[in-house]
Amino acid sequence: MIQTILFDLDGTLIDTNPLILKSFAHTLDYYYPDRTFTEAELLPFIGPTLEKSFSELNADQWKEMVAFYRSYNIAMHDALVLEYPGVLDGLRRLKEQGYKMAIVTSKSRRVALKGIELFGLSHLFDAVIAADDVTEEKPAVEPFEKAMALLGSTREETIMVGDNDTDIHGGKNAGLKTVAVGWAIKGRPYLEALEPDLIIDSMEQLGDWIEAENATAD
């Protein structure tokens, strides 16, 4: 029986993609003024931690770049983060139906909470696992196992919902069923290649699928 739902945050529950892309563009324009990065070149930065993205790009200045990015990102956060149609209402319905829910994100706790609080979502989640809370981020199993331990859940009753390879591969690594959100900025072919158990186009579809899975388990 599926009783627990772990969610990614960015690009899954709230639309932080405009903020993230502009934050990366702002940072890269500053550090690489003679080069123009296209959106296609920026998309791979969505998902991994800032530390991973910038250290692979610039081994000497990555810490400075992370700080520069975060300064802009935090300043512009509330102005650029958007709501996905129907997603927040869908979360409320799932909570009312009694599912245990947690967020598992590669963001820092400080910034993750800004997004959660911006849309008044704190009461919907039993736990938030951020990058600060683990030694290895998604797709390592640690964040998922920590969330399940806090919720008192087993892998057999837990699913992972996300928009990126770190979510789907990480969920699989932890032995969970995985669900990809069809509104992911990287597109459906990208999601299909990850081979999740399900790709949803609405939160209502997620709820229906869980009910069907649980009915079969009965």
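The values are calculated or read from the model by the stated rules, or taken from the named source; none is laboratory data. Quick caveat, the model's predicted, so the values are computed rather than measured. Using ideal geometry, Cβ is built from the backbone for each residue, glycine included, and neighbour counts are taken over all protein chains shown. SASA here: full protein model, heavy atoms, side chains in, ligands and nucleic acids out. Shrake-Rupley method; radii C 1.70, N 1.55, O 1.52, S 1.80 Å.
Quick notes
- Proximal charge balance of residue 93 [Cβ under 14 Å; K/R count +1, D/E count -1]: -3
- Per-residue Karplus couplings for the range 104-112, computed as 6.51 cos²θ - 1.76 cosθ + 1.60 with θ equal to phi - 60°, are listed in order as 10, 10, 8, 7, 5, 4, 4, 6, 4 Hz, Gly and Pro entered as x.
- Rounded tilt (10° steps) of 17-31 against the dominant C-alpha axis of the chain: 20
- Sulfur and carbon atoms: percent of accessible area, the chain [1.4 Å]: 49
- Accessible area per residue for the chain is 46 Å², calculated with a 1.4 Å probe on protein heavy atoms, without ligands, DNA or RNA.
- Computed as a quarter of the hull surface, the mean projected area of the alpha carbon convex hull for the range 57-166 stands at 8.2 nm².
- Here semi-axes √(5λ) of the Cα gyration tensor in Å was calculated from the structure, and among (1) 30, 17, 17; (2) 25, 21, 17; (3) 27, 25, 18 it sits at label (1).
- When peptides 1-14, 91-104, 192-205 are ranked by their average number of other Cβ atoms within 10 Å per residue, the highest-first order is 1-14, 91-104, 192-205.
- Potential lengthening between residue 192 and residue 30 on full extension [0.36 nm per residue; Cα-Cα distance subtracted]: 54.8 nm
- Working note: Cα atoms of the range 17-79, range along each principal axis, descending, whole Å: 31, 23, 22.
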